[in-house]
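Okay, structure first, notes after.
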Amino acid sequence: ALPSRLSHLPDPPRGLYVRSTDVDEALTTLRDLPTVAVVGTRRASRAGLEFTREVTSELAARGVAVVSGLALGVDAAAHEGALSGGGKTIAVLGSGVDRPGPVRNSGLARRIVDRGALVSEYPPRTEAAKWRFPARNRIIAALAAVVVVIEAPPRSGSLITTDFALDMGRVVMAVPGPPWAHASRGCNALIKAGAAVCESAGDVLAEFPGYEPRAGTATREAADAPGDPVVASVLGALEVEPRSLDDLAEYAGTSVVRVSSALSELEVEGFVSADGGRYRLTVRR
């Protein structure tokens with residue numbers, strides 16, 4: 001039987017072909033886990049790809065399954081992030097499950113089979129065709145409660161996914177970008193039209209019923225035991241004095257994107273707050 005989420009489609013597929021080392025577990029993922037679709041341009045910037053991996057890794061570590069389309073760029077980064085976070089990821093194909101593409105993502109496809117699933121409405125031996133991808137996108141949208149768009153030009157196929165998502169009452173989120181960046185114009189247009197802003201995994205988690213950010217309720221014990229080394233570095237730096245994002249990235253020896261993600265998590269948990277471009281501790285360890 002089809003996952004109930006696909007019943008929201010006006011033209012649901014007759015069935016889904018599933019390729020996985022554990023088909024029963026893959027079907028459970030499709031049926032029961034909270035799910036986020038992450039989509040975007042094939043020509044993503046380095047910062048966009050890094051942000052995608054950071055967000056999806058954290059979502060996967062929190063038990064959220066990540067759905068995407070196995071394309072180059074944002075799609076591949078979304079799957080990679082979910083796998084690195086130890087979670088589940090589902091790739092929806094515009095071909096048969098025995099014909100995953102592009103060739104450059106063959107190794108990634110094998111890893112997804114081991115830790116998630118490749119799914120398609122098309123029977124085995126069906127080759128990918130350009131006209132099949134818009135139809136594929138409707139399944140991506142249907143399987144997710146939230147659709148996040150990261151770097152999408154105005155005519156991006158990702159915007160087709162958001163159209164399907166909106167028609168089905170799904171939450172659509174977009175990552176804002178500089179107005180001069182062509183790859184950000186689709187995202188910025190979505191935000192202007194009412195899409196929620198996504199700047200961290202915490203923003204996505206907050207869209208799920210039952211998820212309650214613990215801002216203002218952080219405890220000394222929780223602050224004493226950060227599990228992420230970047231989070232630990234950030235907390236250590238802020239013990240000394242308030243610092244800017246660039247200062248914290250230099251102190252932690254990692255990227256601004258990675259530190260920004262850590263700060264977003266710490267803000268959600270109530271450990272830090274922003275003040276005039278600098279961050280300060282709200283809970284002393």
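The values are calculated or read from the model by the stated rules, or taken from the named source; none is laboratory data. Computed from a prediction, not measured in an experiment: that's the story for all the values here. For neighbour counting, all protein chains shown are included, and Cβ atoms are generated from backbone atoms with ideal geometry for every residue, glycine included. Please note that ligands, DNA and RNA were not included when accessible areas were found on the heavy atoms of the full protein model with its side chains. Shrake-Rupley method; radii C 1.70, N 1.55, O 1.52, S 1.80 Å.
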If we sort 160-172, 246-258 on the protection proxy, mean other Cβ atoms within 10 Å, highest first, what's the order?
160-172, 246-258
Accessible surface, the chain, averaged per residue in Å² (probe 1.4 Å)
46 Å²
Using helices alone, what [θ] at 222 nm do you get for the chain, with -39,500 (n - 2.57) per DSSP H run of 4 or more residues, divided over all residues and rounded to the nearest 500?
-12500 deg cm²/dmol
Explain nothing, just compute: Karplus ³J(HN,Hα) = 6.51 cos²θ - 1.76 cosθ + 1.60, θ = phi - 60°, for every residue of the range 89-101 in order, whole Hz, x for Gly and Pro.
9, 10, 9, 9, 9, x, 8, x, 5, 8, 10, x, x
Taking the convex hull of Cα positions in the chain, its mean projected area over all directions (nm²)
15.0 nm²
Carbon and sulfur %, accessible surface of the chain computed with the full protein complex present, 1.4 Å:
51 percent
Report, for the chain, the % of DSSP beta bridges that are antiparallel, rounded to 5.
30 percent
Whole-Hz Karplus ³J(HN,Hα) for the range 162-173, in order, using 6.51 cos²θ - 1.76 cosθ + 1.60 and θ = phi - 60°, x for Gly and Pro?
5, 4, 4, 4, 5, 4, 9, x, 7, 7, 10, 10
Stokes-Einstein diffusion coefficient of the range 36-186, Kirkwood radius over Cα pairs, 25 °C, 0.890 mPa s, in µm²/s
164 µm²/s
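How big is the equivalent ellipsoid of the range 26-104 along its three axes, where each semi-axis is √(5λ) from the Cα gyration tensor, reported in whole Å from largest to smallest?
Three semi-axes, in Å: 19, 17, 9.
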Amide H partners (placed H, <5 Å) of VAL148, local residues excluded:
ALA37, VAL38, VAL39, MET173
